[in-house]
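Coordinate-derived values only; no laboratory data. On a predicted model such as this, the values are computed, not experimentally measured, just so you know. When we count neighbours, we look across all protein chains shown, and the Cβ atoms used for this are built from the backbone with ideal geometry, even at glycine.
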Amino acid sequence: MSRFYFKQPSVIPGFGLTFGYTVFYLSLIVLVPLSALFFKTTNLGWAEFWRIVSDPRVVASYRLTFGASLIGALINAVFGFAVAWTLVRYTFPGKKIIDAMVDLPFALPTAVSGIALTAIYAPNGWIGQYLEPLGIKAAFSPLGVTIALTFIGLPFVVRTLQPALEDLDSAVEEAAASLGANRVQTFARIILPTVLPALLTGFALAFARALGEYGSVVFISGNMPMQTEITALLIITKLEQFDYPGATAIAVVMLVASFAILLFINLLQWWSSHRYRAGA
Amino acid sequence: MAGTIALRKQPLPDVTSPVGAQKPWIKWLLVSLTLGFLTLFLFVPLAAVFTEALRKGIAAYFASFNDPAALAAIKLTLITAAIAVPLNLVFGLAAAWAIAKFNFAGRNLLITLIDLPFAVSPVISGLIYVLLFGLQGWLGPWLAEHDLKVIFAVPGIVLATIFVTFPFVARELIPLMQEQGSEEEQAALVLGANGWQTFWRVTLPNVKWALLYGVILCNARAMGEFGAVSVVSGHIRGQTNTIPLHVEILYNEYNFVAAFAVASLLAILALLTLAAKSLVEWQARRQTADTLEPTAAED
């Protein structure tokens, strides 16, 4: 094909209508409003922007949000792997229901998760009452934030790993076993490297989701400035004080972080698809 | 996701496989670990919602709904979903048709842009509309002049909801329609069907389960969205409160029974969504096994 086409010729009708509508609706709902955020920030000037986003209270909120999101995503990477492995490899009573329930954090509105987790981990709650005598403060502490962010990230790791584990060729594992590898060696050298892109993607998705999370965290965190205040809440606080430039500047920092993770996920997908293509 | 199960090769029976001949305690350890972790993180929170809601008995539970503010919140949530879901449904179909049936420059970029709202924090999703339509925003002065209210009013809530549920239908349809290709549509066109007939009689029946799945997810998120709606709503009781916002108000007033009672409605909606999702996956798997296997073998 020597000529460059924007669109390859096709007998199927409706390209102009559907493509035009897609771009129009996308611009109207997503692209124009999002660009408003960036244009609003350019009004600020660099010095003012930097003063807002490096304020100690804001920096403390980054530390909590990124730290708790990272720990939550790591917990999910470990336990989500065990859950995905169990659901793919083993049969046990109630497996179908358990499998369906993994999506609960995704389906349950965040405000509901928030008040439910708070009720459980509050000092007089089901679990909180046993942690209290041990000197562990779960609700209204950074630990509570981590619990909430672990809850909402769980489906991302499990649902990304499940298809990858299903696609594992058992013949390769059998070959490793017949060549004398034990289970641990087979897992570390055969299984883990094969599903690593999926595991990293799930981890990154859970991390990205946790960074922006608001509803499930605000109830359990206690929202004390400098201690248990997440960045998303700080944006809302600034808005309620009609500090629009402040809210916008912090939002831009969060958005850039989210886009960086999105780019990382896309690179991972590209890496994993090319890796498999080379191997096939 | 689940479609791959039907196409997967049957694994060898456990007895002949050295992989299957692992020690049973590993299986029981992993199964208990899974069940323990999921109980702690899924079942206990779910049980807490219903236990707290029924703490003062069934009468107090139902009394929570006998409140004009609660009823207004339920009504507003239904209206919002009734606008947002059909709009995103039409968009999802149009986007999937353009992306799956044609080959054009920038197609992957378009797919990434459609997924963008998933990468944006709910709070920022609300904020961008405040920046556009709020009093200090771009269109704010013009709207105020014409006595139109978007922010702290129903249109803002609907807009924020459309934004956060934007990709749901499209992202279910695009991969499926790409996989199905356009041979069947071409055949229909050659046999004399026009574009609309082809869409209604060939494409739509082929994607109906994925479409339904996308709509279910879209609806669940539309009814349950909290962060984005919270930013644009203004929390005016009886006017701009959706169900999740009403839960927050009741909770912050220490009216825990009513808060959890209203929250239990959303929890039931979530459970229905999961049940519907399992059902649709099961149907889609049957359809995939019936129709997709021959075309998949061609590639």
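Structure summary
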read-out: Inter-chain Cβ neighbour average for residues A:48-61, partner chain, 10 Å; value: 0
read-out: Charge tally in the Cβ shell below 13 Å around residue B:235, where Lys, Arg are +1 and Asp, Glu are -1, residue B:235 excluded; value: -2
read-out: Rh (Kirkwood; distinct C-alpha pairs) - chain A, Å; value: 22.0 Å
read-out: Cβ-based charge dipole, the protein assembly as shown, positive-most Cα from B:127, A:67, B:213; value: A:67
read-out: Nearest-20 debye value, the protein assembly as shown charge dipole, Cβ charges on Lys, Arg, Asp, Glu; value: 440 debye
read-out: Protection-proxy order for peptides A:116-123, A:163-170, each taking the mean of Cβ atoms within 10 Å per residue, highest first; value: A:116-123, A:163-170
read-out: Most positive-pole-ward Cα, A:135, A:168, A:190, against dipole of the range A:53-194 from beta carbon charges; value: A:135
read-out: Inter-chain shielding of B:99-108 (mean C-beta neighbours from other protein chains, 10 Å cut-off); value: 4
read-out: In Å, descending, principal axis extents of the Cα set of chain B; value: 62, 58, 31
read-out: Cα-Cα P(r), the protein assembly as shown, percent of pairs per 20 Å interval; value: 19, 52, 27, 2
read-out: Protection-proxy order for peptides B:227-234, A:201-208, A:103-110, each taking the mean of Cβ atoms within 10 Å per residue, highest first; value: B:227-234, A:201-208, A:103-110
read-out: The range B:184-299, Rg to Rh (Cα coordinates; Rh as Kirkwood inverse mean 1/r); value: 1.21
read-out: Cβ-placed point charges (K, R +1; D, E -1), dipole of chain B about Cα centre in debye, nearest 20; value: 540 debye
read-out: Value in Å of the Kirkwood radius, where the range B:157-207 supplies the Cα pairs that are averaged; value: 12.6 Å
read-out: Whole-angstrom gap from the range A:54-96 to the range B:160-233, using each part's C-alpha centre; value: 30 Å
read-out: Listed pairs A:40/A:238; A:96/B:27; A:95/B:27; B:56/B:277; B:75/B:149; A:95/B:208 exceeding 22 Å between Cα atoms; value: B:56/B:277; A:95/B:208
read-out: For the range B:65-202: span of alpha carbons on each principal axis (Å, largest first); value: 56, 40, 29
read-out: Within 10 Å of each Cβ in A:212-219, the average number of Cβ atoms from other chains; value: 6
read-out: 10 Å binning of all Cα-Cα separations within the range B:22-66, expressed as whole percents from 0 upward; value: 25, 28, 21, 15, 9, 2
read-out: Compactness index (Cα Rg / 2.2 N^0.38 Å), the range A:176-280; value: 1.60
read-out: Taking N as its residue count, the alpha carbon Rg of the range A:145-235 over 2.2 N^0.38 Å; value: 1.55
read-out: Projected area, mean over directions - the range A:24-129, Cα convex hull, nm²; value: 12.0 nm²
read-out: Most to least packed among A:244-253, B:205-214 [average Cβ atoms within 10 Å]; value: A:244-253, B:205-214
read-out: Farthest toward positive dipole pole in the protein assembly as shown [+1 Lys/Arg, -1 Asp/Glu at C-beta], among A:83, B:92, B:78; value: A:83
read-out: Given charges at beta-carbon only (K, R positive; D, E negative), |dipole| of chain A in Debye; value: 460 debye
read-out: Enclosed volume per residue, in Å³, of the convex hull spanned by Cα atoms of the range A:56-182; value: 174 Å³
